[in-house]
Every structure is written in C-alpha cells, then in structure tokens.
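Worksheet: the structure to be examined is printed underneath.
The values are calculated or read from the model by the stated rules, or taken from the named source; none is laboratory data. On a predicted model such as this, the values are computed, not experimentally measured, just so you know.
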Amino acid sequence: MAEEIEFTRYEIARILGARALQISMDAPLLLEISDEELESIRYDALKIADKEFYSGVLPISVKRPMPKMNVEKLRAPREDKVDDKKIIEKEKEEEKEIAESAEEMGFENPDAEELADEDEESNE
C-alpha cells in the first residue's frame, strides 16, 4: 500500500464490531494467535478483532461519499405569483363550505348572519 488510510473512530468502531461478530460466529481468524494469548484475552472476539485490525490483516475498505456541487441545486426557487383577490375568494369559499357542512351536522352557526352580510356587501 502506497498510502495508509486513517479511519475515524466511528469507522473503527463499525469495523471492529462487524469483525467481532464474524469471529463470534466462528469465522476463521486472519491472524495467527497462540493458544496462550487467546487464553490471556479470554477468547474475547472484540479483542481478537482489535488485534487483527491494528496488525493490518483485515481486507477492508471504507467508502466515504463526497457531496457533489451542482449549480442546478443552488438555484433560487421559483416563486408563483398569486393574486391577493384570488386568495380572499378561496378563503370565503372554504368558510362557506365549512358553515354548510356544520349546518348539515346540526351545529348552529351564530356567525352565519354576519357572513351573509359580508357577502352581500362584497357583491355590491
């Protein structure tokens, strides 16, 4: 290897955890460790994975995605032109629909007279 890769602590934790799981599931060891040494570390899969990692025998690569800078992503969002009159008309229509559905359900609407007066004034 011409260039040695430095792993972040999160990458190391992930690599060691994955390898320890493999070892605990009876995967073959990639490093020759004596029986005495295995007994001294009490056959701990995590410690074995740690020895394998720092000895450099693990065939592992880490893919680090880098962000792509596109000009298209940095464009300002297009604003839709909306007329205030249209918004007010829509709001009034929705209020009428709500009032009608409330009347169908049996609710009394004390503001119904006020709404009717406002509608008459706006139509004039």
Flag for LYS63 being in the same structural domain as LEU16 (by TED's automatic domain parsing) and at pLDDT 80 or above: no
Subset of region 1-32 that is polar (S, T, N, Q) and at pLDDT 95 or above - its residue that is farthest from LYS63 (Cα to Cα): SER24
